[in-house]
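Each value in this text was obtained by applying a stated rule to the coordinates, not by laboratory testing. Just so we're clear, the structure is a prediction, and the values are computed from it rather than from any experiment. Here the Cβ positions follow ideal geometry from the backbone for every residue, glycine too, while neighbour counts run over all protein chains shown.
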Amino acid sequence: MLQEESDLALIIAQIVQKLKGSNLYAQLERQAWASLQRPEIKLESLKEDIKEFFKISGWEKKLQNAVYSELSVFPLPSHPAAPPEHLKEPLVYMRKAQVLINLRNPNYENGDSHSFRTHLGLIQVPLKVKDIPELKEFFVELGLTAGQLGVDDSTQVPPELFENEHVRIGQKVLSEQDSAAAQQYIRQGSPTALRAELWALILNISSQPEDILYYEQLKTNVIQHDLLVDSLIYKDVKLTASNDDYYFVFEDYLYQVLLCFSRDTSVLGHFAYSSASPPKSYIRGKLGLEEYAVFYPPNGVIPFHGFSMYVAPLCFLYHEPSKLYQIFREMYVRFFFRLHSISSHPSGIVSLCLLFETLLQTYLPQLFYHLREIGAQPLRISFKWMVRAFSGYLATDQLLLLWDRILGYNSLEILAVLAAAVFAFRAVNLMEVTSLAAAEAVLADLSTLKVMPLLQIFLFATVT
Amino acid sequence: MAGKVKWVTDIEKSVLINNFEKRGWVQVTENEDWNFYWMSVQTIRNVFSVETGYRLSDDQIVNHFPNHYELTRKDLMVKNIKRYRKELEKEGSPLAEKDESGKYLYLDFVPITYMLPADYNLFVEEFRKSPSSTWIMKPCGKAQGKGIFLINKLSQIKKWSRDSKTSSFMTQSTKEAYVISLYINNPLLIGGRKFDLRLYVLVSTYRPLRCYMYKLGFCRFCTVKYTPSTSELDNMFVHLTNVAIQKHGEDYNHIHGGKWAVNNLRLYLESTRGREVTGKLFDEIHWVIVQSLKAVAPVMNNDKHCFECYGYDIIIDDKLKPWLIEVNASPSLTSSTANDRILKYNLINDTLNIAVPNGEIPDCKWNKSPPKEVLGNYEILYDEELAQGDGADRELRSRPGQSLGPRGGRSRDSGRTVLTTWK
């Protein structure tokens, strides 16, 4: 009991330390000073009165949301003597994997787990992934007895059954401005009109003047000097979003957001809990001298082909560039970075790949075996879907319903489940193909899929 | 009478021909006995002109109304709408209600327009009221953005009239007739770009009015960022959304062709502006289309051999008000992209399913009431018979700007997919 208490005290102290440097702290301080003018604040009971004032005026809620936000990326409890690299990534061989091509656990030569020795997939790393019973429990709100947006709002279903009430609750959640409630609510999907605000609430984004000013400064940086990565961004946008039926309209916004993103050093903060480290560059002639090292690009993230597709769907929700930017940045440092860095985190891309393969092999063994035999390892096809969080593969309205659940469950595991569900859906056709190219063709067009029914069928209605 | 439908066309487009062939119809020439003729607008002029004395028989159907130009010529469309409004005003209809500044509350959906040279003096008077405004000059009989230009100074028109070699403004020359409209310089921008809406509307009969809206309309985006700055007035890539013009821009993309599905527009507006204003916008768009059809219905030759598929061009301004720019009798059947080809193929397919029931030899005396199942991607936009059958109390209740509950394809009353609930 004592240990838990001291752990909790430590966490509280760390979060307080983190928040002390934030805008919110300065605002709370200002508010506290201003409140002294109010008649109900008495000198004798100063502390309680100010606390009461914060509660009534909604500032306590803002503080609550900020704490909740910090907790969502808080690292798991660890040994007090662990060095920082261990905090970023506890497993030794995963740390080493950052520079390795092949990912194998050197201690795992003669696997003691029966199921793992016969794992037919590409990922040969024994990370812990959930099985369907665990997934059913984790995603309990997606079950067949609960209403869902994406299922129960179709034109054949009268809105009185679920949709109207759900919208009403959503409006209430927004008026309460409660992050945690919003996150719980959005597990059943967000109404289109409320989505922008709900995501902002869950990600704890409020457009303060300081934020807008910060964004303007980034824009000035873009105008003042070029970076080599700018060329990568231009090329990426031109190759992906510019050719996309849904997103080509927002080309200019994508440039704006991504060019600013590359120059935003606040993004470096996420490396504290990411297993990756930002690449370093050295001032000319000073190679190896740490005093002359800079992070390059300034935000530590080198964009890759398809990177702009993380931003594109957000353009449907936010037409104001600084808000769009803030939302994207937060989505990146909470979720997207895990999709392109090697770690043992359950939402990391490696775990997602393993989860996908395990689900497929366990519940569709015939299909998995067949595809493997014809040289079409399923992961070769589904990898690109998961790395992009399905952006550019699903219709936008379906994608947004999927990302609702990513936010709601604070996890990317749903991407792996959906990937497996897609294979299950197309299983009959896939059993008939005889080559990788043919398998790719069967799975080339996902734009007509409805994600929620697929997920529900796979998780809750398939006989296991 | 059993037998295959015999078709003719003078528009050699694959989206048409493939549809005819897939129905097993037989191609013939116009001199033979034909059942279905997909005509160009020149041909329809000849067919129905007084001189030729052409008589269509009961088993012949054509794809244009004889005097479609009452709707599809820019000057006649404006004339008919103005006449319609005056008539409603005279009979004291609440639809013709005006606000304090004299603008129609519900029927102000066409930008101020004058015919040139006839209304030149009226135009000058209006121009002088707001001298900083921009106006757009459009030739009455042309399409695809040909001959269109913008002006913001009276001297520019005088210059044009000199250049086009007309001796003076006073000579009536219908061949070179132009309209000049107030330019909407505050269009709704998405991603910083201007766009307009292309919506397909099928009319099977004008009296009673029965029309269908194709669900898969699209936005046509300009390739260059919009600026109302006067230095860019000559840059057609910024202002004109016609694909024929945009295709020659540097940034034209052959995969999507600058076309964005209307459903995307709906999702974007609902997400960024909310459900009510989005619903209101789409209601208003439907309203505008139906009113324009009602305006020409009295003068339209409601020949029972005819149906017509129009291409409506609509611009939305930054206050989310839709403006009717023009109606095309022969919307382009050329496909600029692969998606486009699929869309136009399905458009013709659904159109034929409604106009030629069961793909059999038509009888123009049929009641033109297709069953719900054949509509495909069409939705009933307005059915005068149905609307009248529901009683007169609907007239006053429903108008744009008043909330009416869920609409736009999710109508709940007796399972009809009717977009409008007003008469």
- Note on the structure: Magnitude of the Cβ-charge dipole (Lys and Arg +1, Asp and Glu -1) of the protein assembly as shown about the Cα centre, nearest 20 debye, reported as 1620
- Query: Can you work out the base-10 log of I(q)/I(0) for the protein assembly as shown at q = 0.07, 0.09, 0.10 1/Å, using the Debye formula on its C-alpha atoms alone?
  - Reply: -0.70, -1.08, -1.26
- Between helix A:228-239 and chain A: long-axis angle, C-alpha atoms, 0 to 90°, nearest 10: 50
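What is the magnitude of the charge dipole of segment A:341-464 about its Cα centre, with +1 placed on the Cβ of each Lys and Arg, -1 on the Cβ of each Asp and Glu, and no other charges, expressed in debye to the nearest 20?
Working: 7 positive and 8 negative charges, 19 e Å.
In debye, rounded to 20, segment A:341-464 gives about 100.
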- Note on the structure: With the charge dipole of segment B:73-148 built from beta-carbon charges (+1 for Lys and Arg, -1 for Asp and Glu) about the Cα centre, the Cα from B:93, B:148, B:120 projecting farthest to the positive end belongs to B:148
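Sorted from fewest to most neighbouring beta carbons within 10 Å, what does the list B:34, A:199 look like?
Working: B:34 20, A:199 23.
Listing B:34, A:199 from fewest to most nearby Cβ atoms yields B:34, A:199.
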- Message: Nearest 10 degrees is fine. How inclined is helix A:163-176 to the longest principal axis of chain A, computing both from alpha carbons?
- Response: 40
- Item | Segment residue A:457-residue A:91, extension gain: residue separation times 0.36 nm, minus the distance between their alpha carbons | 128.3 nm
- Item | Length gained when the stretch residue B:153-residue B:320 is fully extended (0.36 nm per residue, less Cα-Cα span) | 57.3 nm
- Message: Straight-line reach only, C-alpha to C-alpha below 15 angstrom: list the aspartates and glutamates that residue B:98 could link to, leaving out same-chain residues fewer than 8 apart.
- Response: B:87, B:89, B:108
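Based on the Kirkwood radius over alpha-carbon pairs, what is the Stokes-Einstein translational diffusion coefficient of chain A at 25 °C with 0.890 mPa s viscosity, in µm²/s?
Details: Rh = 24.4 Å.
Rounded, D is 101 µm²/s.
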- Can you list the lysines whose alpha carbon is less than 20 Å from that of residue A:62, not counting same-chain residues fewer than 8 positions off? A:18, A:20, A:47, A:51, A:172, A:323
- The summed charge of the residue B:304 Cβ neighbourhood (under 11 Å; Lys/Arg +1, Asp/Glu -1) stands at 0
- Value of [θ]222 nm, deg cm²/dmol, for chain A, DSSP H segments ≥ 4, -39500 (n - 2.57) each, nearest 500: -16000 deg cm²/dmol
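Going by C-beta contacts inside 10 Å, put A:379, A:228 in order with the fewest on the left.
Working: A:379 18, A:228 10.
Least crowded to most crowded, the residues run A:228, A:379.
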- Query: So if we plug the beta-carbon distance of residue A:291 and residue B:112 into 1/(1 + (r/R0)^6) with R0 = 51 Å, what FRET efficiency do we get, rounded to 0.05?
  - Reply: 0.15
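Evaluate the relative contact order of segment B:290-395 (contact order divided by residue number), counting alpha-carbon pairs under 8 angstrom at least 6 apart; express in whole percent. Show your work: numbers first, answer last.
Numbers: 63 pairs, mean separation 20.6, N = 106.
Computed value for segment B:290-395: 19 percent relative contact order.
Sort B:158, A:450 by Cβ crowding within 10 Å, fewest neighbours at the top. If you can, show how the numbers build up before the last one.
Numbers: B:158 12, A:450 15.
Taking fewest neighbouring Cβ atoms as first place, the list is B:158, A:450.
Out of the DSSP beta bridges found with both residues in the protein assembly as shown, what percent are antiparallel (nearest 5)? Let's see the in-between values first.
Working: 49 of 58 bridges.
Counting DSSP beta bridges with both partners in the protein assembly as shown, the antiparallel share is about 85 percent.
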- Task: Return one number: the angle in degrees, 0 to 90 and rounded to the nearest 10, between the long axis of the Cα atoms of helix A:59-72 and the longest principal axis of the Cα atoms of chain A.
- Result: 30
- Relative contact order for chain A: what is it in percent, counting Cα pairs under 8 Å that are at least 6 residues apart? 18
- Cβ charges +1 (Lys, Arg) and -1 (Asp, Glu), total dipole of segment A:216-370, debye: 360
